[in-house]
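What follows is a set of notes on a single structure, which appears directly below.
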Amino acid sequence: MSSSRLPVLYSFRRCPYAIRARLAIDRAGIACELREILLRDKPAAMLEISPKGTVPVLQLPDGAVIDESLDIMEWVLDQTDPDGWRATDLSTARALIERNDQDFKPILDRYKYFERYPEQPQEYYRDQASSFLNRLDASLAVHEVRGLTGPRTGLADVAIFPFVRQFAGVDRSGFDATPWTDLAVWLKAWEASPLFLRVMTKYPVWCPGAHGEAFP
Ligand SMILES: N[C@@H](CCC(=O)N[C@@H](CS)C(=O)NCC(=O)O)C(=O)O
């Protein structure tokens, strides 16, 4: 069990799964002890409570461990959901998130790290990603770019945005020149949002035995 009175969040700044968890935690204002880790040197304390070795991991003061990013988001929203992120079309949101995590993310990895997947050129992976991105762009158009599943931000926006950001970051000028105009507007708004900028604060890597950082 954690010796901290606060939930402990093991996180990696750039990880899109960790970003979605931090977005939820920050917006809900749930005070945590954040432990920034290195994926190549995961702390034993984290592996002890979650041997699968992925971030984010949230350990609650009662010792319970939540080690899937979506479960962390859902736990947070069970505590408080100030902007009604779950008050939009939840079944569509969950289906979109599943498509993001199961289908889009593996393609994104191939597009981003195409040298590791030489079976196909990078453009092939980019084209494969386009059906999901078309879908997001069309959903945003329906809701006047306010949200993916309704007229305001919902669970799907928060959970999917970090992955679209990662995709766009591979070739930003290429992305900005695509026909996904609504998606580009939505992405820019998220990237400029105080919430996102806050959760991207750089923290030093946690030293075992030391106290982590106050978050948010
Ligand atoms: N399904 C997990 C996936 C988390 C995940 O894969 N995180 C990556 C970092 S972005 C990770 O920790 N990978 C382990 C590694 O690279 O060793 C979740 O939603 O939390």
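The values are calculated or read from the model by the stated rules, or taken from the named source; none is laboratory data. Computed from a predicted model, the values in this text were never measured in an experiment. Positions of Cβ are backbone-derived with ideal geometry, glycine not excepted, and every protein chain shown enters the neighbour counts.
Looking only at residues of segment 172-184 that are surrounded by fewer than 13 Cβ atoms within 10 Å (Cβ to Cβ) and not small (Gly, Ala, Ser), we find that the one that is nearest to LEU108 (Cα to Cα) is ARG172. For segment 138-200, which fully contained helices (runs of 4 or more DSSP H) count at least 1 residues that are closer than 23 Å to ARG86 by Cβ and in contact with a Phe, Trp or Tyr (Cβ under 9 Å, 6 or more places away or on another chain)? Output list reads 155-170, 181-192, 194-199.
Looking at segment 23-80, which of its residues are buried (at least 21 other Cβ atoms within 10 Å of the Cβ) and within 18 Å of GLY209 (Cα to Cα)?
Kept after step one, since they are buried (at least 21 other Cβ atoms within 10 Å of the Cβ), are these residues of segment 23-80: 23-25, 27, 32, 34-35, 37, 46, 55-59, 66, 69, 72-73, 76.
Selection gives CYS32, LEU34, ARG35, ILE37, MET46, VAL57, LEU58, GLN59.
Looking at ILE30, ILE19, can you tell me which residue is of a type outside the set (D, E, K, R) and either part of a loop (DSSP other than H, G, I, E, B) or more than 27 Å from ALA156 (Cα to Cα) (or both)? Talk me through it step by step, then tell me what you get.
Details: ILE19 fails: either part of a loop (DSSP other than H, G, I, E, B) or more than 27 Å from ALA156 (Cα to Cα) (or both).
Checking each option against the conditions leaves just ILE30.
Residue count for segment 83-103 satisfying the condition of being in contact with a helix residue (DSSP H, G or I) (Cβ under 7 Å, 6 or more places away or on another chain), surrounded by fewer than 16 Cβ atoms within 10 Å (Cβ to Cβ) and within 19 Å of ASP26 (Cβ to Cβ): 2.
Within segment 17-40, residues that are over 21 Å from PRO82 (Cβ atoms) and modelled with pLDDT of 95 or more reach partners that are charged (D, E, K, R) and within 13 Å of the ligand (Cβ to nearest atom) with beta carbons closer than 7 Å, at six or more positions or on different chains, in the pairs GLU36/ARG13. In segment 7-30, the residue that is farthest from the ligand (Cβ to nearest atom) out of those that are more than 14 Å from the chain's Cα centre (by Cα) and more than 15 Å from TYR203 (Cβ to Cβ) is GLY29.
If the condition is being assigned to a helix (DSSP H, G or I), closer than 10 Å to ALA24 by Cα and more than 9 Å from the ligand (Cβ to nearest atom), then segment 63-82 contributes MET73, GLU74, TRP75, VAL76, LEU77.
Can you give me the number of residues within segment 47-57 that are near the ligand (Cβ under 10 Å from one of its atoms) and touching a strand residue (DSSP E or B) at 6+ places or on another chain (Cβ under 7 Å)?
Initially, segment 47-57 is screened for residues near the ligand (Cβ under 10 Å from one of its atoms), giving 50, 52-57.
Checking the rest, the ones that are also touching a strand residue (DSSP E or B) at 6+ places or on another chain (Cβ under 7 Å) come to 50, 55-57.
Total satisfying the criteria: 4.
SER193 satisfies every condition listed in (1) free of Cβ contacts under 8 Å to residues at least 40 places away in the same chain; (2) over 16 Å from the mean Cα position of the chain (by Cα); (3) farther than 22 Å from LEU39 by Cα except (2).
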